[in-house]
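The structure appears below as C-alpha cells.
The values are calculated or read from the model by the stated rules, or taken from the named source; none is laboratory data. Computed from a predicted structure; not experimentally measured. Every residue, glycine among them, receives a Cβ derived from its backbone with ideal geometry; neighbour counts consider all protein chains shown. Heads up: the accessible areas ignore ligands, DNA and RNA and are worked out on the full protein's heavy atoms, side chains in. Shrake-Rupley method; radii C 1.70, N 1.55, O 1.52, S 1.80 Å.
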Amino acid sequence: NYPNPFNPTTILRYDLPDQSHVNIVIYDLMGRVVKTLINDQQTAGYKSIHWNATNNAGQPVSAGLYLYTIQAGEFRQTKKMVLLK
C-alpha cells in the first residue's frame, strides 16, 4: 500500500497475470475483519483500490496497525499498514 503510514486514505496496487477471483480483506491485530475491499472475479492487468480507513459499516477506524490479505487464485499474501491520525 502507498503511502504507508497513511492518513486518511491509502492505495493498494496489485497485478493479476490471469483472470481470477480476488479477495482483499483488512484485519485488525486481533484478527477481526475490519473491511472487505474486494471479493469478486477480475480480469488480468494492473489494478488498484483505495481504502479510506473505514470499516464495513462505513464508520472510521482508530489509528493503529492493520493487516491486509490479498488472495487471487493460488496466490496469497499478507502485509502490514499503519494508520496515523
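List of remarks:
- Looking at ASN52, ASN39, ASN7, just one residue is in contact with a His (Cβ under 9 Å, 6 or more places away or on another chain) and loosely packed, with under 13 Cβ neighbours inside 10 Å, and that residue is ASN39.
- Complete set of residues in the range 12-36 that are of a type in the set (A, V, I, L, M, F, W, C) and open to solvent by 40 Å² or more (accessible area, probe 1.4 Å): LEU29, MET30, VAL33
- Enumerated strands (runs of 3 or more DSSP E) restricted to the range 1-66, each holding at least 1 residues that are more than 22 Å from VAL82 (Cβ to Cβ), under 13 Å from the mean Cα position of the chain (by Cα) and touching a residue at least 40 places away in the same chain (Cβ under 8 Å): 20-27
- Members of the range 59-82 found to be open to solvent by 70 Å² or more (accessible area, probe 1.4 Å), at pLDDT below 95 and under 13 Å from ILE24 (Cα atoms), listed by number: PHE75
- When LYS85 is tested against (1) of a type outside the set (Asp, Glu); (2) surrounded by 12 or more Cβ atoms within 10 Å (Cβ to Cβ); (3) touching a residue at least 40 places away in the same chain (Cβ under 8 Å), just one condition goes unmet, and that condition is (2).
- Residue within the range 62-85 that is under 13 Å from ASN1 (Cα atoms), in contact with a Gly (Cβ under 8 Å, 6 or more places away or on another chain) and among the β-branched types (Val, Ile, Thr) present: yes
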